[in-house]
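Please treat every number below as a calculation from the coordinates, not as lab data. Values in this document were obtained by computation on a predicted structure and should not be read as measured data. Methodologically, a virtual Cβ is constructed for each residue, glycine included, from the backbone with ideal geometry; neighbour enumeration extends over all protein chains shown.
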Amino acid sequence: MRALRTFISNHWQLLTLTLLITLLWNTDVLLPLRILTVFLHELSHAVAAIVTGGEVLGLSVSPNEGGLVTARGGNPFWITSAGYLGSLLIGAALFILALRTHWDRTIIAMFGLITLLVAAFYVRDLFALGFTLATGAAMLLASLYLSLEINDMILRTIGISSMIYAPLDIFDDTIRRAHLRSDARILAEHVGGSTLFWGGLWLVISMGVIVLTLRYGLPQNSNINRRRR
């Protein structure tokens, strides 16, 4: 019991943030954050396409939380697998960097710059263009004018959201509604197996990544303390 009280005392801010995100996840309040996680999902597809020798022709997100990357060439296995797992890894990396470093402003600025570059080179439809431009600009402004503590909290929020989004959406899209034309179904059509197999495998990997992130990324005390900053 004492150990539990100590853990809660050392991580109450993180626990409260996670609880708020979980409770408000399906509300309009967090709609921009949910669309941002979709953007990270699509960005992961795009990066995988480029890294494996392909060409990205377009990237889009929609207000109903859909997303699409159009690519030519590249490795279908890695491109398709990169969506959920890539956004999860981005979220885990942002989470650890927020907790373990003082680079918050730099990371937020880089995030904003990357988002603006994606908007300039790959986004063409109106909503996605407006969202990526606004998000990129907001990130750059936050890095310049908001405190280190607020930038830290922004990174934590994005990181936690991405880690929540990945396993929930994997389960919902590939297991609970296996009939959907999801990334897992597309992968099954390209390389074999079934939607449930790939969805189940991604779910196990995502849970493993989250456990490892919390085990090795969580410091003894994660509360934002101005004196530590």
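Taking the chain as a Gaussian network of alpha-carbon nodes connected by springs under 10 Å, the highest mean-square fluctuation of the residues Leu129, Leu203, Leu57 belongs to Leu57. Per the helix-only calculation at 222 nm, which mean residue ellipticity applies to the chain, given -39500 (n - 2.57) for every DSSP H run of n ≥ 4 and division by its residues, nearest 500 deg cm²/dmol? Computed ellipticity for the chain at 222 nm equals -24500 deg cm²/dmol. Of Ile170, Ile8, Ile205, Ile158, the sequence from fewest to most neighbouring Cβ atoms within 10 angstrom is Ile8, Ile205, Ile158, Ile170. Taking the C-alpha atoms only, the angle from helix 148-170 to the longest principal axis of the chain is near 40 degrees. Taking the Cα centre of the chain as origin and assigning +1 to Lys and Arg Cβ atoms and -1 to Asp and Glu Cβ atoms, the resulting dipole is close to 880 debye. Placing +1 on the Cβ of every Lys and Arg and -1 on the Cβ of every Asp and Glu, with no other charges, gives the stretch 1-119 a dipole of roughly 460 debye about its Cα centre. Each part gets one Cα centre, and for the stretch 176-228 versus the stretch 85-147 those centres are 21 Å apart.
Label 7 Å along Cα→Cβ of Ala134; the stretch 26-41 residues with amide nitrogen under 11 Å? Residues passing the 11 Å test: 32-33.
Using +1 at the Cβ of each Lys and Arg and -1 at the Cβ of each Asp and Glu in the chain, identify which of Gly83, Leu168, His190 lies farthest towards the dipole's positive end. Sorting the options by dipole projection puts first Leu168. Based on Cα contacts under 8 Å between residues 6+ apart, the chain shows a relative contact order of 23 percent. When the charge dipole of the chain is built from unit charges on Cβ atoms (+1 for Lys and Arg, -1 for Asp and Glu) and taken about the Cα centre, the candidate among Ser147, Gly74, Ala109 whose Cα reaches farthest toward its positive end is Ser147.
For the chain, the longest principal axis of the C-alpha atoms and the axis of helix 31-51 are separated by about 60°. Per-residue extension of 0.36 nm, minus the Cα-Cα distance of Leu57 and Asp125, leaves a gain of 23.2 nm for this segment.
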